[in-house]
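The values are calculated or read from the model by the stated rules, or taken from the named source; none is laboratory data. Small disclaimer: the values here were computed from a predicted structure and weren't measured. A quick note on method: Cβ atoms are made from the backbone with ideal geometry, for glycine too, and the neighbour counts reach across all protein chains shown.
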Amino acid sequence: MQQVVDVDELSLHILDIAENALAAGAKVIEIVLTLSRPVGRLIIDIIDDGRGMDAETQNRVTDPFYTTRTTRRVGLGLALFKQAAEAAGGSFRIQSNPGRGARVTAEFELGHWDRAPLGNMAGTLLTLMVGRSDVDFIYRQVVPEGEFVLDTRMVKEELGGVPLADPDVILFLKENLSAALAELGPI
Amino acid sequence: MTKLKLDDLKKIRDRVHNETMLREGGATAKVTVHMGTCGIASGARQVMEALMEELTLAGRRDVTVTTSGCIGLCSEEPLVTVEILGQEAIRYHFMDKNKMRQVFRRHVLEGEIQTDFALGKGTEHKE
């Protein structure tokens, strides 16, 4: 009866890690995707200004049976992201200090057989930006041919109080994101 | 490289400001998609995308859409909560994009609770 969607898209992992940052009280979340073709690496950074964590917690967060939540006893987000990176010949690390945010970095071998595709990144960004318009998001995609940046602080400034969840703004963001990401090419 | 068309945002701003001057009051309905690891793994992003598309099709400025985290009902995901001003909140479970479209059109726009997909009334849950 229940449909199961495999988390086989990197964009779904990114959404999940950003949700962690939101749960940590982040007010600004930066997502940076860097593609370096000569060496064939894909690096994903998710940087937040949430409450951060101490060294001991950093060692435990990729354990599936560690969670700060009280509503369920397993936490899979970071464990699954780490597994996705390591399965694709890459690496995973967390840099954080209590009260000073966190930076999650996952590196992938671009052409690795087991590297999941990026998938619907526009969907992830739209879900974050519209669903949590109280928080600011900066998305940066850097490829050898150029760079795309979307900073919701800039968008909000232009909108002068009109919410990001306004129907016309959703449509604007969707069209602009889809066009820009298509132009940068598939990952 | 594609740049954001900032002029379009200014046009939206002016249009919305003109419209809201004619209409008093804030949101009359709020739709929340739960977006924990459990929700995401069972399709919550697709549900959110369908919801945003329905909202843009309806063009309703008095309906807000938002996301929230895991509420401890992981086996019931994707979960969606519909709150209509002056009414009890309705929580829907095992949602997908088609059910979301139906709930938006029938419940949010027309006030008809879709009991087939509903889990229950109210937003109370274990925190």
### Query
B:D8: among the charged types (D, E, K, R) and touching a helix residue (DSSP H, G or I) at 6+ places or on another chain (Cβ under 7 Å), yes or no?
yes
### Summary
Checked A:R100, A:R140 against criteria (surrounded by fewer than 17 Cβ atoms within 10 Å (Cβ to Cβ), out of contact with any Leu (no Cβ under 9 Å at 6 or more places or on another chain) and basic (K, R)); the one match is A:R100
### Task
Quickly run through segment A:144-187 and pick out the residues that are part of a strand (DSSP E or B), more than 7 Å from every other protein chain (Cβ to nearest Cβ) and over 17 Å from the mean Cα position of the chain (by Cα).
none
### Residues that are part of a helix (DSSP H, G or I), facing chain A (nearest Cβ under 7 Å) and over 15 Å from A:A165 (Cα atoms), drawn from segment B:36-68
B:T37, B:I40, B:A41, B:R45
### Query
Do we find that A:R72 is at pLDDT below 95, facing another protein chain (nearest Cβ under 9 Å), surrounded by fewer than 19 Cβ atoms within 10 Å (Cβ to Cβ) and not in a helix (DSSP H, G or I) in this structure?
yes
### Query
So A:E109 clears everything in (1) charged (D, E, K, R); (2) in contact with a helix residue (DSSP H, G or I) (Cβ under 8 Å, 6 or more places away or on another chain); (3) at pLDDT 90 or above except one condition, right? Which one?
(2)
### Query
When you look at B:G122, is it within 13 Å of chain A (Cβ to nearest Cβ) and either under 30 Å from A:G77 (Cβ atoms) or touching a residue at least 60 places away in the same chain (Cβ under 8 Å) (or both), yes or no?
no
### Summary
Of the conditions (1) assigned to a strand (DSSP E or B); (2) in contact with a helix residue (DSSP H, G or I) (Cβ under 8 Å, 6 or more places away or on another chain); (3) within 27 Å of A:V135 (Cβ to Cβ), the single one that B:T81 does not satisfy is (2)
